[in-house]
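What follows is a short report on a single structure.
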Amino acid sequence: MKLENVTLNLDTELVLNVGDPIGKTNAPRCYNKLFERLDMNAIMLPCEIKKGQLPQFLDACHLMGIHYLCPTMPHKGDFVDLLDDVDETSRLFHSVNAIRIDENGSHGAGMDGKGAVKAITGAGVHLDGINALIYGAGGISGVVAYELSCQNVKKIYI
């Protein structure tokens, strides 16, 4: 990974993309480009953590002052029970992919469904009362359908 556009200093926010295996993740490349474009003093790095080591990993993050984690497989569900606070949708679907650690504890959220709805409405689509088709029934189809239902979509076909 090339980092020529990143200036590392004591204010740089370290964001960890946590999974196992993590070798083929594209998230750091995408997020680092986004951080650059938004002129954020942040960097995302991949971090391979084995199943069963998440409690110690969270303790280490607290100790080192790491505030942001982006879990991926297979840890999206495993983090839910370890966090102090998880949003309702993430608890319902037992999956988080965004974690913030601060002085009040650890807070998790699943952004897949929320992000899909934001992308749709951001493109100018009004969801209230429409029928929606989700093409495919992969891992996030349920949470996307749920978030669409929260926007008063009349019928959802998967």
Scan of segment 113-133 for residues that are under 24 Å from residue 71 (Cα atoms) and in contact with a Phe, Trp or Tyr (Cβ under 9 Å, 6 or more places away or on another chain), ordered by number
113
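Does residue 59 satisfy the condition of being open to solvent by 40 Å² or more (accessible area, probe 1.4 Å), out of contact with any helix residue (DSSP H, G or I) (no Cβ under 8 Å at 6 or more places or on another chain), at pLDDT 95 or above and more than 22 Å from residue 140 (Cβ to Cβ)?
Working: open to solvent by 40 Å² or more (accessible area, probe 1.4 Å): yes; out of contact with any helix residue (DSSP H, G or I) (no Cβ under 8 Å at 6 or more places or on another chain): yes; at pLDDT 95 or above: yes; more than 22 Å from residue 140 (Cβ to Cβ): yes.
Judged against the criteria, residue 59 is a match.
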Mind listing whichever residues of segment 17-52 are open to solvent by 80 Å² or more (accessible area, probe 1.4 Å) and touching a Pro at 6+ places or on another chain (Cβ under 8 Å)?
48, 51
So how many residues does segment 121-148 have that are free of Cβ contacts under 8 Å to residues at least 12 places away in the same chain and among the β-branched types (Val, Ile, Thr)?
1
Pairs needed: first member in segment 39-51, in contact (Cβ under 8 Å) with a residue 12 or more places away in the chain; second member anywhere, exposed (fewer than 13 other Cβ atoms within 10 Å of the Cβ) and not in a strand (DSSP E or B); C-beta distance under 6 Å; at least 6 residues apart or different chains.
41/11
So which residues in segment 1-27 are under 20 Å from residue 64 (Cα atoms), among the aliphatic types (A, V, I, L, M) and modelled with pLDDT under 90?
8, 10
Only residues that are in a loop (DSSP other than H, G, I, E, B) and crowded, with 20+ Cβ neighbours inside 10 Å: list them for segment 84-95, please.
95
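Wholly within segment 96-152, which strands (runs of 3 or more DSSP E) include no fewer than the required count, namely at least 2 residues that are among the β-branched types (Val, Ile, Thr) and surrounded by 16 or more Cβ atoms within 10 Å (Cβ to Cβ)?
Passing ranges, in order: 98-102.
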Per the filter on segment 12-54, residues part of a loop (DSSP other than H, G, I, E, B), β-branched (Val, Ile, Thr) and within 17 Å of the chain's Cα centre (by Cα) are 22, 25, 49
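The values are calculated or read from the model by the stated rules, or taken from the named source; none is laboratory data. From a predicted model like this one, the values you see are computed outputs, not experimental measurements. Here Cβ is always computed from backbone atoms with ideal geometry, including for glycine, and neighbour counts include all displayed protein chains. Surface accessibility is based on the protein's heavy atoms, side chains included, excluding ligands, DNA and RNA. Shrake-Rupley method; radii C 1.70, N 1.55, O 1.52, S 1.80 Å.
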